[in-house]
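The next block holds one structure in the form of structure tokens; read it before the comments.
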Amino acid sequence: MEKNRPLTHFLKIIFIISILLLFCFPQTALLQTISVEYICADTDYETPVYIIKTDYKEPTIMTVAGTHGNEKAGIKAAEYLKDNIKIEKGTLIIVPRANILACAKNVRCFPPDINLNRVYPGNPQGNSVEKLANEIFNLMKKYDIDLLIDLHESIEFYKKNPENYGQTLVIDSDDDYLYLLSSFIVEEMNKDIVEDRNKYQVLLDPVKGSTAYSANQQLGIPALTFETCRKLPLSFRINEHIKFLKIILYKWNMLPAES
Ligand SMILES: [Zn+2]
């Protein structure tokens, strides 16, 4: 009998440690899975779509970056989140490089004369960019998304030249829900910003043919277009895009409170 005692003690200790770990890290019990699919498969525009799923399917949020290939902060933020985010609820769909050729060439549009953000909902029989827009449009339908977030950057501050949208959150309709949601996010974002020029503001500007306009007006999906200003340092802008997305994920209870 005496011989078994050390083993019994050892098992007891293991059991106690397991219980403690479960209390200390409850999120370890909630696993997410990540899968990848491709749009425009087998073409020059083939680009990955990452689907991060949990056991609780709802809500489904989709974020698109790299619609314009030289707007790096959104692309880097989307890639960072794809590799690092741990959600505990819902589904997060990430398209980090929507126009993968424009991203690779570090140019706004490719080909230069076709703006992906003006051809939605696209056309499956159209040119390559119209086909690409149509595939992204179909993704929104396929996954029955609850919110679309489009990440962009501008060459100038809106407050300096209202022709440009740097440091804004753009909505495409004046419905109360979108207005309240965007106002809440801008207020949260601005808490850490001192300089007035760098503070965000909500803009109502329906831009026909854009990803967000198409989501909102054609599919009835709430949509937000986030724009930082490229005159600010890249590392700051990447963090702003990450912060923006996290505020939304917290608001939808997709992130645990402590992360
Ligand atoms: Zn853009």
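The values are calculated or read from the model by the stated rules, or taken from the named source; none is laboratory data. Note that this is a predicted model, so its numbers are computed, not measured. Every residue, glycine as well, gets a Cβ built from its backbone with ideal geometry; the counts of neighbours run over all protein chains shown. Please note that ligands, DNA and RNA were not included when accessible areas were found on the heavy atoms of the full protein model with its side chains. Shrake-Rupley method; radii C 1.70, N 1.55, O 1.52, S 1.80 Å.
Couple of notes before you dig in:
- For the chain, share of DSSP beta bridges that run antiparallel, in % to the nearest 5: 40
- Given their separation in residues at 0.36 nm each and the Cα-Cα distance between them, residue 143 and residue 38 gain 36.4 nm when the chain is fully extended.
- Cα gyration tensor shape of the stretch 92-192, rounded if a/c is under 1.5, else prolate or oblate by comparing a/b with b/c: oblate
- Convex hull volume of the C-alpha atoms in the chain, normalised per residue: 162 Å³.
- Dmax and Rg, reported as Rg then Dmax, of the stretch 166-235 (C-alpha, Å): 12.8, 38
- Each of residue 12 and residue 31 was given a label point 7 Å from its Cα along the Cα-to-Cβ line. The distance between the two points is 3.2 nm.
- Here the accessible area is traced with a 1.4 Å probe on the protein chains. For the chain, carbon and sulfur cover 55 percent of it.
- Pairwise FRET efficiency - residue 204 versus residue 104, Cβ, R0 = 41 Å, nearest 0.05: 0.75
- FRET efficiency, 1/(1 + (r/R0)^6) with R0 25 Å, evaluated for residue 58 and residue 179 via beta carbons: 0.60
- Charge dipole (the chain, unit charges on Cβ, about Cα centre) - positive-most of 244, 68, 211: 244
- Model label sites at residue 187 and residue 113, defined 7 Å from Cα along the beta-carbon direction, differ in position by 4.8 nm.
- Sparse-neighbour loop sites [trypsin sites (Lys or Arg not before Pro); the stretch 58-88; at most 16 other C-beta within 10 Å; DSSP]: 86
- Estimated Rh, the stretch 100-145: Kirkwood, alpha-carbon pairs, angstrom: 11.0
- Scattering profile of the stretch 116-166 at q = 0.20, 0.27 Å⁻¹ [log10 I(q)/I(0), Debye over alpha-carbon scatterers]: -0.77, -0.93
- Accessible-area value, residue 154, 1.4 Å probe, nucleic acids and ligands omitted, Å²: 10
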